[in-house]
1. For the charge dipole of the chain, defined by +1 on Lys and Arg C-beta atoms and -1 on Asp and Glu C-beta atoms about the Cα centroid, which residue among Q161, N135, M1 has the Cα displaced farthest towards the positive pole?
2. Excluding ligands, DNA and RNA, what is the solvent-accessible area per residue of segment 54-182 at a probe of 1.4 Å, expressed in Å²?
3. Hey, in the GNM for the chain with a 10 angstrom Cα cutoff, which one of P68, P76, P31 fluctuates hardest?
4. Which semi-axes, in whole Å and largest first, does the equivalent ellipsoid of segment 131-182 have when worked out from the alpha carbon gyration tensor as the square roots of 5 times its eigenvalues?
5. Using helices alone, what [θ] at 222 nm do you get for the chain, with -39,500 (n - 2.57) per DSSP H run of 4 or more residues, divided over all residues and rounded to the nearest 500?
6. Tell me, what does the Kirkwood hydrodynamic radius of segment 1-60 come to in angstroms if you use every pair of distinct C-alpha atoms?
7. Write down, largest first, the equivalent ellipsoid semi-axes of segment 98-140 in whole Å, where each equals the square root of 5 times an eigenvalue of the alpha-carbon gyration tensor.
8. Using the Cα atoms as the points, what is the convex hull volume per residue of the chain in Å³?
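The values are calculated or read from the model by the stated rules, or taken from the named source; none is laboratory data. Bear in mind that the values here come from a model prediction, so they are computed numbers and not experimental data. Reconstructed Cβ throughout: ideal geometry from the backbone, glycine too, with neighbour counts over all protein chains shown. Heavy atoms of the whole protein, side chains included, go into the accessibility calculation; ligands, DNA and RNA do not. Shrake-Rupley method; radii C 1.70, N 1.55, O 1.52, S 1.80 Å.
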Amino acid sequence: MQDLLKWTIETIRNDESMMSWLEERKFEWVPLAANTIRHLLEGYSVIVMTDSERSWFGSYIGASINKPQKNRPFLPIYNIKSIYPHVEYIKNEEDGALINDMLSISFKDQYIFWYIGKSEDRRAKLAFSKDDSFNWILDEGMQNSFVLSSSDDLLDMRLFQLYRIFDKTLSAALFGHVSLDI
């Protein structure tokens with residue numbers, strides 16, 4: 001079993017689709033990814049949620065994460081829109097509390113959010129309501145979040161690269177190739 005940090009560096013270096021920017025930020029990335037995967041292995045569900053501008057990416061994750069050709073167990077990772085299609089109409093904290101209540105009942109309070117987007121989006125507040133959420137935040141440094149820039153011309157590519165390394169890390173953890181202890 002290999003150390004996750006070392007495995008991540010080797011995977012980035014040996015994957016033609018990865019670029020050096022991710023290796024430079026490995027100390028930010030590895031603890032967040034390890035925490036999320038640890039939750040999945042402990043039986044938590046992950047609810048993917050994005051701001052409106054990146055809803056396409058949430059759909060991509062939902063369609064890609066459990067493809068049969070991955071030859072691994074299916075994982076409880078769901079797009080919020082498949083659970084609550086009216087998520088874009090969240091107006092206030094009360095609406096968010098109602099959604100959290102529904103999710104707590106459905107998942108016996110064993111769920112976290114995977115949020116991708118700007119922190120001022122109304123959906124972000126819902127994601128921030130769970131302490132261990134996997135947040136990819138745009139334009140604002142936040143504790144326990146991976147920060148990206150919305151003005152980056154390569155943002156979409158970086159999102160795909162982050163998804164790719166996360167997906168590879170999931171498989172490596174499921175098959176006992178890496179240790180999540182960091």
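1. Value computed over the given set: M1.
2. That works out to 52 Å² per residue.
3. Its mean-square fluctuation being the largest, the pick is P68.
4. Working: eigenvalues 119, 48, 9 Å².
Values for segment 131-182, descending: 24, 15, 7 Å.
5. Values: 8 runs with 87 residues, N = 182.
One gets -14500 deg cm²/dmol as the mean residue ellipticity at 222 nm.
6. When all Cα pairs of segment 1-60 are included, the Kirkwood radius is 13.5 Å.
7. Value: 21, 10, 6 Å, ordered largest first.
8. On the way: hull volume 21.2 nm³, N = 182.
So the per-residue hull volume is 116 Å³.
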